[in-house]
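Q: Here's a structure for you.
Each reported figure results from applying straightforward, stated rules to the coordinates on display, with no laboratory input. A quick note: this is a predicted structure, and the numbers were derived from the prediction, not measured. Note that we place each Cβ from the backbone using ideal geometry, even for glycine, and neighbour counts take in every protein chain shown.
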Amino acid sequence: MLLPFNAEIFLYPKPIDFRKQIDGIVEIVADTLDMNPTSGQIFIFRNKLADKLKILYWDRNGFWLLYRRLEQGKFIIPQDGVAMSLTLDQFNWLLTGLNIEDYMPIKSNKYSIFY
């Protein structure tokens with residue numbers, strides 16, 4: 001996988017102008033979300049029709065900008081809030097077109113005693 005498994009993932013549910021490239025999306029992260037775009041977090045943005053996603057990620061010395069387009073259908077994205085945190089499961093569900101609000105991730109277990 002190109003992206004790290006332990007990075008925090010944020011979905012910006014409002015549509016953005018998809019003519020924006022890295023610098024424009026960095027500006028949204030810094031100014032609108034008031035977050036650090038070089039933090040190693042993953043930021044997901046959608047277009048107006050909800051059939052395209054752009055994913056911004058900082059990797060040590062540069063940005064990755066990933067683009068996902070559905071040929072049929074739309075991504076099911078909640079319309080509430082400014083930005084929402086996603087689990088890795090929800091991120092994968094979103095990318096495959098599933099409704100991230102209908103599915104609940106399995107609770108993670110933490111153990112301190114081992115046999």
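Q: State the volume of the convex hull built on the alpha-carbon positions of region 9-96, expressed per residue in Å³ and rounded to an integer.
A: So the per-residue Cα hull volume is 90 Å³.
Q: Here is a follow-up. Between Asp51 and residues 5 or more places away or on another chain, which pairs have amide H atoms under 5 Å apart, with H built 1.01 Å from N, and which residues are they?
A: Phe75
Q: Please report how many Lys pairs in the chain have alpha carbons closer than 29 angstrom, counting only residues at least 8 apart along the chain or sitting on separate chains.
A: Close lysine pairs under the 29 Å cut-off: 14.
Q: Pull up all non-local amide H partners of Trp58: gap of 5 or more, or a different chain, and H-to-H distance under 5 Å with H placed in the peptide plane.
A: The list, which skips near neighbours in sequence, is Gly40, Gln41, Trp64.
Q: For the chain, what does -39500 (n - 2.57) per DSSP helix run (n ≥ 4), summed and divided by total residues, give at 222 nm, in deg cm²/dmol to the nearest 500?
A: -3500 deg cm²/dmol
Q: Run the numbers on the chain and let me know its relative contact order in percent, using alpha-carbon pairs under 8 Å that are six or more apart.
A: 26 percent
Q: OK, next. Under a GNM of the chain (C-alpha, springs under 10 Å), which listed residue has the highest mean-square fluctuation: Leu11, Leu33, Leu94?
A: Looking only at Leu11, Leu33, Leu94, the biggest GNM fluctuation is shown by Leu33.
Q: Right, next: Taking the beta-carbon count within 10 Å as an exposure proxy, list Ile22, Ile28, Ile113 from fewest neighbours to most.
A: Ile113, Ile22, Ile28
Q: Considering only DSSP beta bridges whose two residues both sit in the chain, what percent are antiparallel, to the nearest 5?
A: Taking every DSSP beta bridge within the chain, about 75 percent pair in antiparallel fashion.
Q: For Ile16, Ile77, what's the fewest-to-most ordering of other Cβ within 10 Å of each Cβ?
A: Ile16, Ile77
Q: Residue-wise, which Karplus ³J(HN,Hα) couplings in Hz belong to region 81-90, taking 6.51 cos²θ - 1.76 cosθ + 1.60, θ = phi - 60°, and x for glycine or proline?
A: x, 8, 8, 10, 7, 10, 7, 4, 4, 5
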